[in-house]
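A short worksheet on the structure shown next.
The values are calculated or read from the model by the stated rules, or taken from the named source; none is laboratory data. In this text the structure is predicted, and so the values were computed from the model without any measurement. Positions of Cβ are generated from backbone atoms using ideal geometry, with glycine treated the same way; all protein chains shown enter the neighbour counts. Accessible surface areas use protein heavy atoms only, side chains included; no ligands, DNA or RNA. Shrake-Rupley method; radii C 1.70, N 1.55, O 1.52, S 1.80 Å.
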Amino acid sequence: MSKHTPENIRNIVLCGHGGSGKTTLADAFLNLTGAVKRPASVDDGTSICDFDEEEKSHKYTIETSCINFDWRGKHFDLFDSPGYPDFIGGAICAMGAADVAAIVVNASSGIEVNTRRVFAEAKKAGLGRVVIISKMDGDNIDFDKLMDSIHSVFGAEAALFNVPIGHGASFSGVVDVLKPTEADGALLDPNELRESLIETIVSVDDAAMERYFEGELPSDEEMGKLIAKGVKDETLIPVFCVSAKTGVGMNELLDALAAYALPADAIERTGKDSEGNDVVVKADPNGEIVAQVFKTRIDPFVQKINYIRVFSGTLKTGATVPLVGSRKGFKIAQLFEVQANDLTPVDEAGPGSIVAVTKTDELGVCVTLGDVAMPAFSFPTPMVGLAAFPKSRGDEAKVSGALTKLAEEDPTFKVERNDQTKQLVITGMSELHLQVLQERLKRRDKVELDTKEQKIPYRETIQQKAEGSYRHKKQSGGAGQFGEVHIRMYPFPSGTDPEEFATDKSRFPSMKEWKYFPENNFLWVDSIVGGSIPSNFLPAIEKGFKDRMEAGVLAGYQVQDLCIEVHFGKYHPVDSNEQAFRTAAKGAFRETFAKARPALLEPIVNLDVTVPVDKVGDVNSDVVSARRGRPIGVEDAGGGFQTVKAEVPFAEITTYSRTLASMTGGQGSYSIEFNRYDVVPGNIQQQIVDAAEHDNDEE
């Protein structure tokens with residue numbers, strides 16, 4: 001049997017803005033509970049949780065670390081998640097394994113941009129939430145204003161459970177609002193808060209509320225259950241005050257989390273069976289195995305480590321378990337308990353347990369062990385892309401493998417080779433995100449990258465019908481080459497029905513056959529009569545068209561959205577061959593394309609920008625005047641924020657993160673999603689064509 005039962009397990013993710021003190025809090029928990037006895041400090045690089053070299057160098061959390069300790073008969077699995085929006089993927093992964101999100105708020109800085117973000121993500125994940133006001137020993141604290149902002153952003157459900165005695169250097173203790181004692185220097189009167197807090201707590205249960213109004217207070221045990229129910233039902237968000245650095249309020253915080261934080265069997269989770277039906281997953285140690293990978297880490301010594309949350313059943317070392325989506329099972333060589341970067345072997349793990357397995361190529365983030373598929377985590381789309389090149393020649397293979405490992409670890413990091421631009425593009429949440437990952441690449445894999453702005457994947461098309469022909473004739477002593485192709489070219493807008501277009505007798509009265517190629521929305525129509533081009537040369541003509549479409553005509557970009565009708569040609573019984581007609585087709589395409597009002601197409605994206613209300617005008621102005629955007633509307637985002645929606649050319653927002661950060665003081669966030677391709681304005685098109693010609697000259 002697993003040594004911890006679900007009702008005694010507390011899985012909690014610490015989340016909040018960078019600098020709010022999450023890691024210092026986690027380190028202090030380990031020291032206070034005796035789980036780790038060595039000193040730990042983020043500032044001097046001895047933190048237990050921030051153990052990677054990049055974290056020590058930057059002095060902030062980059063990836064979620066997992067720790068565990070025991071307190072008051074409860075077993076805590078704690079996740080210290082990154083605080084900057086650049087690394088939000090780590091926080092989302094941790095929420096997939098947690099039951100409670102502890103939102104950490106810096107008492108001096110108050111509610112910050114990522115505080116709002118993680119609060120919303122925790123709600124979306126269905127987690128219970130508590131708020132920890134940290135760094136009460138800091139400077140410039142306005143506690144009344146801080147509580148007003150907490151109520152404004154988190155709602156009236158946020159209720160103070162203890163009142164700080166003093167702040168800054170005079171922060172010396174906390175007073176329990178439910179059991180207030182006399183304390184000089186308390187920033188608020190706990191007696192005035194008590195009745196309101198009790199009413200909020202008992203309101204989660206009709207019977208308890210009725211007894212309370214009849215003068216009967218709940219017992220301590222019943223009070224704990226009511227608070228936990230309020231946290232689960234999202235009608236109550238307990239707020240606690242601490243200083244991890246001085247230790248003031250830490251014991252009280254741990255006691256409260258042991259009593260009120262949701263146990264591992266509190267949240268009802270739903271997966272899907274092999275037929276797609278919903279299945280309720282219960283925290284039963286004797287039930288069917290359901291577990292999910294929530295984090296992957298590549299370690300240079302033990303290779304790949306996958307971190308797993310068990311929801312149902314019992315995992316055992318040496319056992320073979322099914323994998324959702326795989327025909328063969330997965331054998332667990334060894335289970336490990338996790339303490340930051342230390343792994344301790346264990347024999348088994350029941351519901352609620354957090355364990356790790358090593359050297360497991362079959363596993364990755366969101367993969368489910370068992371026969372019931374758990375929902376995949378929802379990650380934001382990475383938006384900042386750079387073209388990447390190995391700094392040293394010969395490192396191409398190493399770069400590919402190293403970048404693949406980074407993408408396995410971080411679901412918000414993407415790597416792809418753009419077939420059109422021929423660039424290897426790395427995409428992340430921000431420039432900082434990509435910078436830190438490149439540092440890891442250099443340290444861990446001994447690979448360095450050069451980067452530059454990625455090329456925009458423009459497309460080429462036509463805007464009117466045109467006719468043209470080309471004769472390829474070559475004679476050089478021996479066998480010659482001859483092929484002549486006559487074509488008509490038509491605009492073929494995206495969304496047009498190819499069969500309806502090709503079989504229109506008023507357009508193609510002599511149509512014999514047609515083909516459609518959806519990858520670039522290209523329609524080919526054969527209207528040749530009288531055998532002017534033998535049918536065995538038609539595949540070569542088709543290849544010639546595709547060659548030219550891939551290479552482009554205007555500026556070297558892929559051609560799309562057109563129809564070509566081959567209606568006439570000439571051949572020579574001796575000199576005609578496939579190569580001759582392939583060359584003639586490319587020439588006919590190029591000459592006819594130039595007559596058909598060619599145009600460049602650019603990718604248009606949907607842009608959603610969430611900013612403070614007073615910055616909406618600045619964002620709208622920037623989108624229209626500086627980015628050729630078209631505003632669509634504004635939606636309320638809550639907490640004094642609004643979301644500006646617009647359509648914007650992708651070329652205008654490749655470095656938008658810098659502008660937005662500057663415009664909003666780091667308070668803004670944005671997301672993009674591909675919408676469509678649209679014609680580039682004439683003056684900008686000429687600049688792009690000129691730049692392409694310049695690049696070709698240099699090559």
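Within this structure, ILE12 fails the test of being more than 15 Å from LEU257 (Cβ to Cβ), among the aliphatic types (A, V, I, L, M) and under 27 Å from the mean Cα position of the chain (by Cα). Beta carbons closer than 7 Å, at least 6 apart along the sequence or on distinct chains, pair a first residue in the stretch 678-694 that is surrounded by 12 or more Cβ atoms within 10 Å (Cβ to Cβ) with a second that is in a helix (DSSP H, G or I) for VAL680/ILE688. Yes or no: SER576 without any contact (Cβ under 8 Å) to a residue 12 or more places away in the chain and within 23 Å of LYS512 (Cα to Cα)? It is false that SER576 is without any contact (Cβ under 8 Å) to a residue 12 or more places away in the chain and within 23 Å of LYS512 (Cα to Cα).
Rundown of residues vs (1) of a type outside the set (Val, Ile, Thr); (2) open to solvent by less than 10 Å² (accessible area, probe 1.4 Å), yes/no style:
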{"site": "THR5", "(1), (2)": "no, no"}
{"site": "ASN11", "(1), (2)": "yes, yes"}
{"site": "THR24", "(1), (2)": "no, no"}
{"site": "VAL36", "(1), (2)": "no, no"}
{"site": "SER41", "(1), (2)": "yes, no"}
{"site": "LYS56", "(1), (2)": "yes, no"}
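In the stretch 166-177, which residues are within 14 Å of LEU193 (Cβ to Cβ) and either open to solvent by 30 Å² or more (accessible area, probe 1.4 Å) or of a type in the set (D, E, K, R) (or both)?
Passing the criteria: only ASP176.
Pick from the stretch 605-614 the residues that are in contact with a Lys or Arg (Cβ under 8 Å, 6 or more places away or on another chain) and either open to solvent by 10 Å² or more (accessible area, probe 1.4 Å) or of a type in the set (S, T, N, Q) (or both): which of them is farthest from TYR677 (Cα to Cα)? In this case the residue turns out to be ASP608.
Here's the yes/no breakdown for (1) without any contact (Cβ under 8 Å) to a residue 24 or more places away in the chain; (2) surrounded by fewer than 19 Cβ atoms within 10 Å (Cβ to Cβ); (3) aromatic (Phe, Trp, Tyr); (4) part of a strand (DSSP E or B):
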{"residue": "VAL616", "(1), (2), (3), (4)": "no, yes, no, no"}
{"residue": "ASN620", "(1), (2), (3), (4)": "no, yes, no, no"}
{"residue": "VAL623", "(1), (2), (3), (4)": "no, no, no, no"}
{"residue": "ARG628", "(1), (2), (3), (4)": "no, yes, no, no"}
{"residue": "PRO631", "(1), (2), (3), (4)": "yes, yes, no, yes"}
{"residue": "VAL634", "(1), (2), (3), (4)": "yes, yes, no, yes"}
{"residue": "VAL644", "(1), (2), (3), (4)": "no, no, no, yes"}
{"residue": "GLU647", "(1), (2), (3), (4)": "no, yes, no, yes"}
{"residue": "THR654", "(1), (2), (3), (4)": "no, yes, no, no"}
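Taking strands (runs of 3 or more DSSP E) as the structural unit, those lying wholly within the stretch 474-571 and holding at least 1 residues that are touching a His at 6+ places or on another chain (Cβ under 9 Å) correspond to 481-491, 522-526, 562-570.
When you go through SER527, SER506, SER494 one by one, which is the residue that is exposed (fewer than 15 other Cβ atoms within 10 Å of the Cβ) and over 30 Å from LYS455 (Cβ atoms)? After applying the criteria, what remains is SER506. If you go through the stretch 610-619 one residue at a time, do you hit one that is on the phi < 0 side of the Ramachandran plot and under 22 Å from the mean Cα position of the chain (by Cα)? Yes, because at least one residue in the stretch 610-619 is on the phi < 0 side of the Ramachandran plot and under 22 Å from the mean Cα position of the chain (by Cα).
Identify the residue in the stretch 92-118 that is over 17 Å from the mean Cα position of the chain (by Cα) and among the charged types (D, E, K, R) and, among all such residues, is least open to solvent (accessible area, probe 1.4 Å). Among those residues, the one meeting the criterion is ASP99.
A quick yes/no check of all residues on (1) surrounded by fewer than 15 Cβ atoms within 10 Å (Cβ to Cβ); (2) modelled with pLDDT of 95 or more:
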residue	(1), (2)
GLU210	yes, no
SER219	yes, no
LYS225	no, no
PRO238	no, yes
CYS241	no, yes
LEU254	no, yes
ILE267	no, no
SER274	yes, no
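Yes or no: VAL447 open to solvent by less than 10 Å² (accessible area, probe 1.4 Å) and either free of Cβ contacts under 8 Å to residues at least 24 places away in the same chain or assigned to a helix (DSSP H, G or I) (or both)? When the stated conditions are applied, VAL447 does not pass them.
Looking only at residues of the stretch 509-518 that are within 22 Å of ARG590 (Cα to Cα) and surrounded by 10 or more Cβ atoms within 10 Å (Cβ to Cβ), we find that the one that is farthest from the chain's Cα centre (by Cα) is TRP514.
It is to be established whether one or more residues within the stretch 62-69 are charged (D, E, K, R), open to solvent by 20 Å² or more (accessible area, probe 1.4 Å), free of Cβ contacts under 8 Å to residues at least 24 places away in the same chain and part of a loop (DSSP other than H, G, I, E, B). Checking the stretch 62-69: not a single residue is charged (D, E, K, R), open to solvent by 20 Å² or more (accessible area, probe 1.4 Å), free of Cβ contacts under 8 Å to residues at least 24 places away in the same chain and part of a loop (DSSP other than H, G, I, E, B).
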